[in-house]
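Quick note: the coordinates plus some simple rules give every number you see, no bench work behind them. Fair warning: this is a prediction, and the values are worked out from it, not measured in the lab. Cβ placement follows ideal geometry from the backbone for every residue including glycine, while neighbour counts extend to all protein chains displayed.
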Protein chains: 6
Amino acid sequence: MVYITRKEHFSASHRLHNPDWSEAKNIETFGKCNNPNGHGHNYEIEVTVGGDPPKDTGMVMDLKKLSDVIDAEIIEKVDHKHMNHDIDFLTGVIPTAENMAIAFWNILKPKLPHARLISIKLYESPNNFVEYRGE
Amino acid sequence: MVYITRKEHFSASHRLHNPDWSEAKNIETFGKCNNPNGHGHNYEIEVTVGGDPPKDTGMVMDLKKLSDVIDAEIIEKVDHKHMNHDIDFLTGVIPTAENMAIAFWNILKPKLPHARLISIKLYESPNNFVEYRGE
Amino acid sequence: MVYITRKEHFSASHRLHNPDWSEAKNIETFGKCNNPNGHGHNYEIEVTVGGDPPKDTGMVMDLKKLSDVIDAEIIEKVDHKHMNHDIDFLTGVIPTAENMAIAFWNILKPKLPHARLISIKLYESPNNFVEYRGE
Amino acid sequence: MVYITRKEHFSASHRLHNPDWSEAKNIETFGKCNNPNGHGHNYEIEVTVGGDPPKDTGMVMDLKKLSDVIDAEIIEKVDHKHMNHDIDFLTGVIPTAENMAIAFWNILKPKLPHARLISIKLYESPNNFVEYRGE
Amino acid sequence: MVYITRKEHFSASHRLHNPDWSEAKNIETFGKCNNPNGHGHNYEIEVTVGGDPPKDTGMVMDLKKLSDVIDAEIIEKVDHKHMNHDIDFLTGVIPTAENMAIAFWNILKPKLPHARLISIKLYESPNNFVEYRGE
Amino acid sequence: MVYITRKEHFSASHRLHNPDWSEAKNIETFGKCNNPNGHGHNYEIEVTVGGDPPKDTGMVMDLKKLSDVIDAEIIEKVDHKHMNHDIDFLTGVIPTAENMAIAFWNILKPKLPHARLISIKLYESPNNFVEYRGE
């Protein structure tokens, strides 16, 4: 088993806000991340798949194809967008990095039928990041 | 003359949009940066000042004080904000990195009376950045 | 289960030295890290906690609170200090990155009662780092 | 158990090519990585070993010695070389990052008899990397 | 005057070799960079242009267009190639970073008629880089 | 004229302290950088030289030779040392990054007789750095 990872980038904005809560409770819980007009990040996403590289290619999976799947299924939909308003698959979900990573996993899993998806790592900034492993 | 630089960070969102133009011209000019709900970045700002370090301190300027000025005058105002809606000093200005760097220069210049402000460098992403030197 | 990580920074000095050994054995074992006046690093610490993000916040834990705990319990005590002389909780311990990571785990574990501490990763430099997972 | 990691660097070129295949199938499979004259990378290799740091050294293993082993066994042989033509231990193997990581593991494993080799991570670029854990 | 910079990446191989010299003089001069089968790098190119951002766009130049020009004129031609064998515009030139930066300047200069080209910075690795400013 | 830069690294400790001042004035001026036992950094030094690359080498200067000079004249003397106690050429000087950069310039200048020394850039951390250009 070898693990291969492809990193992609996108720039987006979001607001942490629970519409079922009062303004005061939102501010107390989410602090400056609750700013009504939102704020943004240069996100980095690392997708790891695992497998046994066959002798005739030496590749677990073509990293170019992995990159194409991530671009088509994720980056095209979220790059230069607002996570709270522009993204169908995040409707009704608070767009924390945790929830975004889970949503990305659920999208990519069926699009990679021949590979074993191991991990989605999402960097909101160099100092804040999350990982989801489908557990 | 020695140049000293302090780097600070903030996360913010913006939209490139000229309200005097048609929607079509805005999209043609600004592309996906014109998304109505905006998008965002992890910005990095590098402020460089120059001077001759005096013998008794060996410092052009206390980097902690430079950091405090940048934080109080810039970061506190723009971090976790939307450049088009939340920032007094950017009212009526298209918040490109170019215009943001010029605005930051104009704010910091009078707040650093004992130092020679040399450059403001603003990174929108690791691949896109601008520099303004007051010229 | 989602894993969230917060990275913090501190600058400190240390000396690798076993007082029970001869000078010769110390130099043979620790090389230039045994320099009597010490040397230093810009350390980076990554603290990972895991959990299931509840629906009403979407957060395993507030990263701001995790940052505050790391700052209060670790960074405030070690930043701009000498690991061999200034740190109560490292008394009698050779301040290798391994021992520092274990000490940081033991400090943070009881301060994060509502989270599951998964890993402490400590970078001495971009090329040298250690990880402790409480195993 | 503490995990310690040492990162080293080398610059090399390679070509992804299966000599048993037609030119067309090679291009279809490997794309621009099949360029006959090859292309290159600044590779980064991270070697992780695990252990219980003994009280008298506080070190799982001397990172300087780990670095020396990696340098002597790997870096000296692959730095500023062409993976397809210059490397004995890669003869008959397509030099993908996957196969290189496995080959490096097989070389290092017997050279680290007193440590527990945990992982070889190989970065072809900041966006493409693989990991092999001997599984 | 504001300076804007766009960074792009390519992976390529090269060999430092003067065909007018003996093998011995080549090895003495270029060391391991003279390896007959070449070696490679992940190159980074930073292109800086300067100008006064007009009020209606706030942009010295559309960074997307600058990126497109660099991609079409440079990256498409050098990515995943061997500098000594595959590149028309480097024929007869030793492909040092210095000569590559000058060649890139000469290609880009006429393709950016409405901008003032200020600098080409070329990173062969994080530790080795050159800059050409047309002087 | 092409500018070439070589980056090197060292780890060291220092204390900002003026022995002619009271303890109170030292703490007021240098803050936590005045900690009696010192603190440390992973320093990065970038040395830039300029010149016209001759046709037969294509190199302003052999970067390997530049690296060797920096290593022999600077890194060997300061790596894993305490700037206040272990360094002859810093005796009587407060080892701020400014003063260290000037000292490094004065050492390297006569050791590079065939090159034009342009700049010494010294990073104390990714967020704090200085540059000296011999002006």
For the pair C:F89 and D:E23, the simple spin-label estimate (label points 7 Å beyond Cα toward Cβ) gives in nm 6.5 nm
Magnitude of the Cβ-charge dipole of the range A:78-135, K/R +1 and D/E -1, about the Cα centre, nearest 20 debye? 280 debye
Under a plain spin-label model, where a point goes 7 Å from the Cα along Cα-to-Cβ, how far apart in nm are B:K111 and F:D71? 4.5 nm
Which one, E:K55, E:K77, E:K121, has the greatest fluctuation when you compute a Gaussian network model over chain E with C-alpha springs under 10 angstrom? E:K55
Calculated over the protein assembly as shown: convex hull of Cα atoms, volume per residue (Å³): 177 Å³
Which of D:S22, D:S67, D:S13 moves the most in a Gaussian network model of chain D with Cα springs under 10 Å? D:S22
Note: F:18-30 gets an average of partner chain Cβ contacts (10 Å, Cβ to Cβ) equal to 1
Diffing the range C:51-56: the Karplus 3J(HN,Hα) column from phi (6.51, -1.76, 1.60, θ = phi - 60°), in whole Hz with x for Gly and Pro, holds x, 9, x, x, 4, 7
Rounded to whole Hz and in sequence order, give me ³J(HN,Hα) for the range A:32-37 from the Karplus expression 6.51 cos²θ - 1.76 cosθ + 1.60, θ = phi - 60°, writing x for Gly and Pro. 5, 5, 8, 2, x, 7
Vicinal HN-Hα couplings computed from phi for the range C:73-82 (Karplus, 6.51 cos²θ - 1.76 cosθ + 1.60; Hz; Gly/Pro x): 8, 10, 4, 4, 8, 10, 5, 6, 10, 9
Report the percentage of all Cα-Cα pairs in the range A:20-60 whose separation exceeds 15 Å, rounded to a whole percent. 66 percent
Work out the mean other chain Cβ neighbour count within 10 Å for the residues of F:93-104 and drop it here as an integer. 4
Eigenvalues of the alpha-carbon gyration tensor of the range A:68-135, times 5 and square-rooted, give semi-axes in Å, largest first, of 19, 15, 12
Top of C:F89, C:F30, C:F104 by mean-square fluctuation, Gaussian network on chain C, Cα under 10 Å: C:F30
Net charge near A:K64 (other residues with Cβ under 10 Å of its Cβ; Lys, Arg +1; Asp, Glu -1) is +1
Interchain or sequence-distant (5+) residues whose placed amide H lies within less than 5 Å of the amide H of C:R116 are C:G50
So, with +1 on the Cβ of K and R and -1 on the Cβ of D and E, and no other charges, what is the size of the charge dipole of the range E:19-98 about its Cα centre, to the nearest 20 debye? 140 debye
How large is the charge dipole for chain E, taken about the Cα centre, if only the Cβ atoms of Lys, Arg (+1) and Asp, Glu (-1) carry charge, to the nearest 20 debye? 180 debye
A:E76 label points, 7 Å along Cα→Cβ, one per copy: pairwise distances from this copy to the rest in nm, shortest first? 2.1, 4.6, 5.1, 5.1, 5.9
Could you work out the Kirkwood radius for the range B:14-109, taking every pair of different alpha carbons, averaging 1/r and inverting it, reported in Å? 15.5 Å
Once every DSSP H run of n ≥ 4 in chain B is given -39500 (n - 2.57) and the sum is divided by its residues, what mean residue ellipticity at 222 nm do you get, rounded to the nearest 500 deg cm²/dmol? -6000 deg cm²/dmol
